[in-house]
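Below is one structure, written out as structure tokens, with a few remarks after it.
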Amino acid sequence: MTTDTSPPDAVAGSRFFAALYDPFLWLGERAGMGAHRRELLGQARGRTVEIGSGTGLNVGHYRRDVEDLVLAEPDPAMRGRLQKAVRGGPRGARVIDARAEALPFDDASVDTVVSTLVLCTVDAPDAALREIARVLRPDGQLLFLEHVRSESPTLARWQDRLAGPWQRFAEGCRCNRATLELVTASGFRVDARAAAWPAMPPIVRPLAIGRATLVA
Ligand SMILES: C[S@@+](CC[C@H](N)C(=O)[O-])C[C@H]1O[C@@H](n2cnc3c(N)ncnc32)[C@H](O)[C@@H]1O
């Protein structure tokens with residue numbers, strides 16, 4: 001058991017965010033985001049570690065036979081909800097308290113890392129990506145579904161303008177982060193497609209969905 005040492009305001013904020021998370025995403029999940037998750041997570045194989053699992057919206061989208069699924073979530077309020085969600089998930093799935101920048105796994109010991117809507121939020125995405133590269137086996141894969149900086153200069157300018165308020169509203173999420181470029185700069189080969197997050201504000205609508213593998 002871990003003790004949350006965050007200031008009381010931060011604890012209340014993260015509880016509020018965790019409580020609102022699923023209702024806020026509900027429509028988008030039904031309008032297509034759930035299908036994006038399912039298609040991506042169907043590619044998970046072998047020992048699979050999901051970072052920033054949140055309330056567990058991915059849990060029901062894994063194949064039931066996925067082997068050794070570990071769901072990592074550092075926020076206690078999110079983790080409480082995740083614990084409940086995992087009861088209906090693949091057999092043997094377990095929840096741990098870990099940040100993406102410090103994963104409690106040996107070097108080259110994981111086949112699949114999953115990140116959905118997480119690399120926008122971690123404070124040090126380059127450190128998280130180094131850690132993902134460290135734990136992945138040489139033939140391992142990072143499966144990702146992330147909202148990204150828009151390729152439209154007009155929308156990107158709006159993402160820059162609204163980045164501060166959005167970050168406060170969405171518990172640290174950076175709506176203007178060029179996540180795909182960060183993944184490539186961290187030594188991964190990326191195979192991604194563009195999509196849209198339905199029923200969400202335009203500043204977080206552009207999605208990149210795909211698979212990244214280590215460059216030998
Ligand atoms: C927008 S939510 C995404 C939740 C879930 N992955 C999903 O697809 O719905 C971002 C999650 O990242 C978690 N998070 C924040 N900082 C993190 C870090 N450094 N390492 C891992 N997860 C982190 C948050 O606690 C939160 O649960």
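What follows is calculated from the coordinates using simple rules that are stated; it is not laboratory data. These numbers come from a predicted model, not from an experiment. Glycine also receives a Cβ, built like all others from the backbone with ideal geometry; neighbour counts cover every protein chain displayed.
Quick check on the chain: helices-only [θ] at 222 nm, where DSSP H runs of length 4 and up contribute -39,500 (n - 2.57) each and the sum goes over total residues. Nearest 500, please. Result for the chain: -10000 deg cm²/dmol, rounded to the nearest 500. Over the chain, the Kirkwood radius and the radius of gyration, each from Cα atoms, give a ratio Rg/Rh of 0.93. For segment 1-124, the alpha-carbon coordinates run over 40, 38, 28 Å along the three principal axes, in decreasing order. Summing +1 for each Lys or Arg and -1 for each Asp or Glu among the other residues whose beta-carbon sits under 9 angstrom from that of residue 163 gives +2.
Here the 3J(HN,Hα) profile of segment 162-171, calculated from phi with Karplus coefficients 6.51, -1.76 and 1.60 at θ = phi - 60°, is 9, 4, x, x, 5, 4, 5, 5, 10, 6 Hz, Gly and Pro shown as x. Compute the Rg to Rh ratio over segment 110-216 from the alpha carbon atoms, using the Kirkwood formula for Rh, and round to two decimal places. Radius of gyration over Kirkwood radius for segment 110-216 works out to 0.98. Neighbour counts of C-beta atoms inside 10 Å place 120, 175 in the sequence 120, 175, starting with the fewest. Ordering 188, 132, 54 by the projection of their Cα atoms onto the charge dipole of the chain, which places +1 on the Cβ of Lys and Arg and -1 on the Cβ of Asp and Glu, puts 54 at the extreme positive end. Summing +1 for each Lys or Arg and -1 for each Asp or Glu, what net charge is found among the other residues whose Cβ lies under 9 Å from the Cβ of residue 79? Charge balance near residue 79 sits at -2.
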